[in-house]
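Taken together, the values in this text are just the output of simple stated rules run on the coordinates, not laboratory data. These numbers were taken from a predicted model, which means no experiment stands behind them. Cβ placement follows ideal geometry from the backbone for every residue including glycine, while neighbour counts extend to all protein chains displayed.
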């Protein structure tokens, strides 16, 4: 006897599910705009060396703090102006998109995988294993996330890699809790029982039978963590604990620009605007995903 | 109710022990020798090193060190700051009112605006008011607040010259601070203009710190209200001819507030994280800035105990929220 009919959906329904998902997702106009922006951002990040008019690191000592082209004193050589050491802001922003997306992907991947494994084990086995894992998650959640990340980076040493590890550690308990809650809701359902009776092993039950049915809230949480990771990494960069200069990371750019806030608005305004719009686009997508994936909230 | 409170308290003990373990391990997992780190660049003689090791207890087994650490904590001994040479706890208590004042103003702004906006948005669902406020709320929720603070400084302090850039009060005022809350102390001092100066200094940081909680509270209030408005008992109340104001105010709002109160409670952790950034931008002399400065100064006793104290405060606040939740929602209390 094979257990295929019990677990995976029949072929053909995947496409139907996707179509249904798109139908609901499309209803939320903001989410669609967010998606468009996000896709554009990904393309921009991939093509950064082609799109950027200048090298993001090279300093032009003859053009310090040049304003954007529409302002008096600006030039079209540097469309969005230059920073205090004569680097092109537009090019730095374009390259910065690479860092932000990279941070989001790495942090979400680490925390999603870690959280799913811990949550599955915790919810599936229960008992003392569950108690220990959940208490450890409680401890991590008891600290304000940015503070814990800051201290972790202080221990590990400032830098982008360590900042990503720290943010992944602090955002991972959310995934573990969500997975556990979903597993508890699913593990006594009939299809799980059927798979168990059919002889599926523990690992198969956890990852093939139960996990696919717990994915909806995790996907929504993943988008929230993605934008959260970008914000936290920028905050760490701003505090001097994230990416180090001259890396064109948006938060680090802001930290370098702080002293010029009252005389060169563009060096401060533009990197922050880039962070805000990116995070906003991802959050809009997250709202749309929640509407489309969460049947409880559908049509509310 | 007492059983419920005791249950929640016992639930906290493992978390508290976990927090102390995290704070305790912090100094041990630092790269390098903690004693040499404390000695700084001057270094020390081998005899002095041995003496320090023995004095700080680093030559004993790790569990013994941990138990002693716990014992000291329970006696209120949180170590001394390398920088100020003062007990960490007294530095903390001296700076905490500044953060508390800021956080308090921020949460008042967030609740005073967020709850009514959320309720109105839910009542006028789909209207331009709903759409505009919810778009603004999402923008607020996505805001990098360190940048938002800089923007407000550029505009209100730079362009308009209305507000000061940093600090808690103008340097021309000097008076004793019995409560630690500048707004109250400036009133008590009786000096002319002191209160106005304190308020001017407080306004921008409070707005910055309030931004994310405000957005979260507005969104949460709206969705909680929408859910409640769809309930049968609200329909019944409407059907039996109660005034719309009474239906909303008594029947809907009271029930919608339950998840909102939890959300407000959860914002305390967010406020603590936000205080780190807000205080850094506005040079606000509170515990957020103190932590950041101590990290860059490598003042590890402060970082270690500060971490513990802040986590402890967040934990206690969450406990209070939990208990309040049980108080207003009997279903939770008796489950």
* Structure fact -> Here the residues of the stretch B:243-266 lying in the modelled label zone of residue B:233, meaning backbone nitrogen under 20 Å from a point 7 Å along Cα-to-Cβ, are B:243-263
* **Relative contact order, percent, chain B [alpha-carbon distance under 8 Å, six or more residues apart]** => 25
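Arranged from highest to lowest average of other beta-carbon atoms within 10 Å per residue, in what order do the peptides B:120-132, B:14-26, A:108-120 appear? Intermediate values should be presented prior to the final figure.
Values: B:120-132: 15.0, B:14-26: 18.0, A:108-120: 21.1.
In decreasing order of mean packing, B:120-132, B:14-26, A:108-120 become A:108-120, B:14-26, B:120-132.
Taking other Cβ within 10 Å of each residue's Cβ, how do A:99, B:69, B:11 sort, fewest first?
On the way: A:99 23, B:69 19, B:11 13.
Ranking A:99, B:69, B:11 by Cβ neighbours within 10 Å, fewest first, gives B:11, B:69, A:99.
Arrange the peptides A:148-160, A:86-98 so that the one whose residues have, on average, the most other Cβ atoms within 10 Å appears first.
A:86-98, A:148-160
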* Inter-chain shielding of A:231-239 (mean C-beta neighbours from other protein chains, 10 Å cut-off) -> 4
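Taking R0 as 45 Å, what's the FRET efficiency between residue B:25 and residue B:179 from their Cβ-Cβ distance, rounded to 0.05?
So the FRET efficiency works out to roughly 0.80.
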* **Angle in degrees between helix B:88-123 and the longest Cα principal axis of chain B, rounded to the nearest 10** => 20
* Once the piece of chain linking residue B:5 and residue B:283 is laid out straight, how much longer is it, given 0.36 nm per residue of separation minus the C-alpha distance between them? -> 96.1 nm
* From zero up to wherever the largest Cα-Cα distance of the stretch B:91-175 sits, split into 5 Å bins and tell me the percent of pairs in each. => 3, 11, 12, 18, 19, 16, 10, 7, 3, 2, 0
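Provide a whole-number value for the mean count of partner chain Cβ atoms within 10 Å of the Cβ atoms in peptide B:146-154.
Values: counts 12, 15, 2, 1, 9, 7, 0, 4, 6.
Taking the mean over all residues of the peptide, I get 6.
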* Asked: Using Cα atoms only, what is the angle between the long axis of helix B:46-56 and the major principal axis of chain B, expressed in degrees (0 to 90) to the nearest 10?
  -> 40
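Suppose the chain between residue B:49 and residue B:70 were pulled fully straight at 0.36 nm per residue; how much longer would it get relative to their current alpha carbon spacing?
Working: separation 21, 0.36 × 21 = 7.56 nm, distance 2.43 nm.
In short, 5.1 nm is gained.
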* Structure fact -> By the mean-Cβ-within-10 Å protection proxy, highest first, B:235-247, A:225-237, A:36-48, B:314-326 rank as A:225-237, B:314-326, A:36-48, B:235-247
* **chain A - percent relative contact order, Cα under 8 Å, separation 6 or more** => 25
* Structure fact -> For chain A, Rg(Cα) over 2.2 N^0.38 Å is 1.19
* Asked: What FRET efficiency comes out for the pair residue B:135/residue A:189, r = Cβ-Cβ distance, R0 = 41 Å, nearest 0.05?
  -> 0.60
* To do: Grab the alpha carbons of the stretch A:156-263, take their convex hull, and tell me the volume per residue in Å³.
  => 115
* **Residues of the stretch A:148-189 with amide N under 16 Å of the 7 Å Cα→Cβ point at residue B:298** => A:153-159
* To do: Using only Cα atoms, find the angle between the long axis of helix B:194-229 and the longest principal axis of chain B, and express it within 0 to 90 degrees, rounded to the nearest 10.
  => 50
* Scattering profile of the stretch B:125-262 at q = 0.14, 0.20, 0.21 Å⁻¹ [log10 I(q)/I(0), Debye over alpha-carbon scatterers] -> -0.83, -1.09, -1.14
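Per residue of A:132-142, what is the mean number of Cβ atoms on other protein chains within 10 angstrom of that residue's Cβ?
Details: counts 1, 0, 1, 6, 5, 2, 8, 11, 3, 6, 13.
Per residue, the average neighbour count from other chains is 5.
Residue B:254 to residue B:62: FRET efficiency via 1/(1 + (r/R0)^6), r the Cβ-Cβ distance, R0 41 Å, to the nearest 0.05? Don't skip to the end; give the middle numbers.
On the way: r = 52 Å, r/R0 = 1.27.
After rounding, the FRET efficiency stands at 0.20.
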* Asked: Could you put B:74, A:147, B:253 in order, starting from the residue whose Cβ has the fewest other Cβ atoms within 10 Å?
  -> B:74, B:253, A:147
* Structure fact -> Rg (one decimal) and Dmax (whole number) from the Cα set of chain B, in Å, equal 24.2, 87
* Ellipsoid semi-axes in whole angstrom, largest first, where each is sqrt(5λ) of the Cα gyration tensor of the stretch A:240-293 -> 29, 13, 6
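How would the protein assembly as shown be classified by its alpha-carbon gyration tensor: rounded, prolate or oblate, with rounded meaning a/c under 1.5 and the a/b versus b/c comparison settling the rest? Write out the running numbers ahead of the final one.
On the way: a/c = 1.28, a/b = 1.16, b/c = 1.11.
Cα axes put the protein assembly as shown in the rounded bin.
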* Label point distance in nm, residue A:70-residue B:323, each placed 7 Å from Cα along Cα→Cβ -> 5.6
